[in-house]
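The values are calculated or read from the model by the stated rules, or taken from the named source; none is laboratory data. Predicted model, so just to flag it, every value in this text is computed and none were measured. Note that we place each Cβ from the backbone using ideal geometry, even for glycine, and neighbour counts take in every protein chain shown.
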Amino acid sequence: MLLFLSISGILLSAILLYFNARNNRSTIYLGLFFLLLSLYSLYQYILLYSKSVTLISLFLFNIAIVSSPVYLIGPMLYWYIRTVLTDDPRLKRNDIWHLLPMAVYFIAAFPHTFIPWQEKVEAARSLVQDVNFLQEYKATLLDRFIPVSVVYLTRPLLVLGYTLWSAALFFIFLKKGKVSEVFSKQHFMKKWLCLFLGLLLVLGITQILQVIRGFNMHFSELYFHINNIRIISTFGLIGLLITPFFFPSILYGLPRVPESKMEEKQEKRTEISQPCRENRNHNHFEKAYLLSIGQKTDACMKEHQPYLQPDCNLGHLAKGVNLPEHHLAYYFREFKKQHFTEYRNEWRIKHAKKLILEGKIRETTLEGIGLQSGFTNRNTFLAAFKRVEGTSPNAYAAFQKRQFDQNN
């Protein structure tokens, strides 16, 4: 089960990073969080369940590289929550201190890399024969100064600490009433964050209990028999991995009104206590901001014609209008109810129609018209033109020619 969950988590993180990191940078932190958490589970599986001397030896050989990134699980969680609540994915100068635990462990474990391979194989065999060998095996310099159990406890304790810290940030955010600054259709984020942090809290506590019990009793009694703590921990991990599928919209982040807009909103807000009136004002303001996004995108398309570039995408448009990319993604998905590709193709078809009316179709081929309009090939141009206009470019050109002849 642990191996399956680890592989599933790695695949989930790969999907998050590949498909969504470019549109919403908070997904980078979330994807790396799932990746590191899954690698931590995989490393637990290798040490405790695999019974493979080769896998355990490889793990012990690369323990500095494999284990030290585990200490980034907490920072990735914190940076994700902070990015969601502030709509600002940028790292700060002080954030370098979050890397300190990883650096300390890496330095302490790195000398172990130079231990002879045969010695690591013997250690792996001892671990396969008796998992309690973990209590005796000193893989880092830290084990010479503090108990091995404390080193193992630092990982779940650090995750638990960051979970509580992130939960505190979220609680302060809610207490200050900043939910009113969030787009009205984004309230699902509150449910997602509550569930996400709750499951992580359960997982962190149960992991700590497992390590404590593991070093206070025979490991085999804890890890190789069903017990309540292990069941709860497994369900916590499963919950973390499947919750993104129930909240797919979290991948778009939590778009917030820019500060300049917020100041304008505060200036215009009157001291009215009726909640319904405040909601109406809030919704009106959100609509005004979304309308301004639409005006900026249309103006950019008209003046700079970015759609004529074959690689035109949402990122290019975001730079052109100087807005966060996930704000545009939210605008097209929730307000305009249209995919960006369809919006871009409408502008391309409009340009192609202009070329046809100017008689360019007599000077070049349909493929040439399509290429000049931003399409990459003839088939894509024909399919898009028919979808927008309901007819082919040739038929459209013939109809326009008949209209012109009748008028003259």
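ILE369 meets the conditions (1) of a type in the set (Val, Ile, Thr); (2) modelled with pLDDT under 85; (3) buried (at least 16 other Cβ atoms within 10 Å of the Cβ) in every case but one. The failed one is (2). Scanning the range 329-342 for residues that are closer than 29 Å to ARG378 by Cα and buried (at least 20 other Cβ atoms within 10 Å of the Cβ) returns ALA329, PHE332.
Of all the criteria given as (1) among the charged types (D, E, K, R); (2) at pLDDT below 85; (3) buried (at least 19 other Cβ atoms within 10 Å of the Cβ), the one not satisfied by LYS51 is (3). For the range 308-325, a residue qualifies if it is in contact (Cβ under 8 Å) with a residue 40 or more places away in the chain and in contact with a Ser or Thr (Cβ under 8 Å, 6 or more places away or on another chain), and the qualifying residues are LEU308, PRO310.
Taken together, the criteria place GLN372 among residues that are in contact (Cβ under 8 Å) with a residue 60 or more places away in the chain and on the phi < 0 side of the Ramachandran plot. Per the listing VAL131, VAL121, VAL150, the residue uniquely over 30 Å from LEU164 (Cβ atoms) and surrounded by fewer than 18 Cβ atoms within 10 Å (Cβ to Cβ) is VAL121.
Assess whether ILE73 counts as being under 29 Å from LEU314 (Cβ atoms) and buried (at least 19 other Cβ atoms within 10 Å of the Cβ). So ILE73 fails the test.
Considering (1) within 38 Å of the chain's Cα centre (by Cα); (2) surrounded by 14 or more Cβ atoms within 10 Å (Cβ to Cβ), the lone condition that ASN377 does not fulfil carries the number (2). Against the condition of a type in the set (Ser, Thr, Tyr), assigned by TED's automatic domain parsing to the domain that holds LEU237 and either within 30 Å of the chain's Cα centre (by Cα) or over 20 Å from ILE7 (Cα atoms) (or both), how does SER50 come out, does it pass? Spelling it out, it is not the case that SER50 is of a type in the set (Ser, Thr, Tyr), assigned by TED's automatic domain parsing to the domain that holds LEU237 and either within 30 Å of the chain's Cα centre (by Cα) or over 20 Å from ILE7 (Cα atoms) (or both).
Tally the residues that are of a type in the set (A, V, I, L, M) and at pLDDT 85 or above, restricting the search to the range 319-347. So the count comes out to 1. Quick one: would you say ARG90 is crowded, with 17+ Cβ neighbours inside 10 Å and of a type outside the set (A, V, I, L, M)? Criteria not met by ARG90.
If only residues of the range 69-93 that are farther than 13 Å from ILE28 by Cβ and in a loop (DSSP other than H, G, I, E, B) are counted, the one that is modelled with the lowest pLDDT is ASP87. For PHE33, the stated conditions do not hold, so it cannot be described as in contact with a Lys or Arg (Cβ under 6 Å, 6 or more places away or on another chain) and aromatic (Phe, Trp, Tyr). If you go through the range 121-161 and keep only what is in a helix (DSSP H, G or I), at pLDDT below 85 and basic (Lys, Arg), you end up with just ARG144. The requirement of being modelled with pLDDT of 85 or more and either of a type in the set (Ser, Thr, Tyr) or more than 30 Å from VAL131 (Cβ to Cβ) (or both) is fulfilled somewhere in the range 100-111, by at least one residue.
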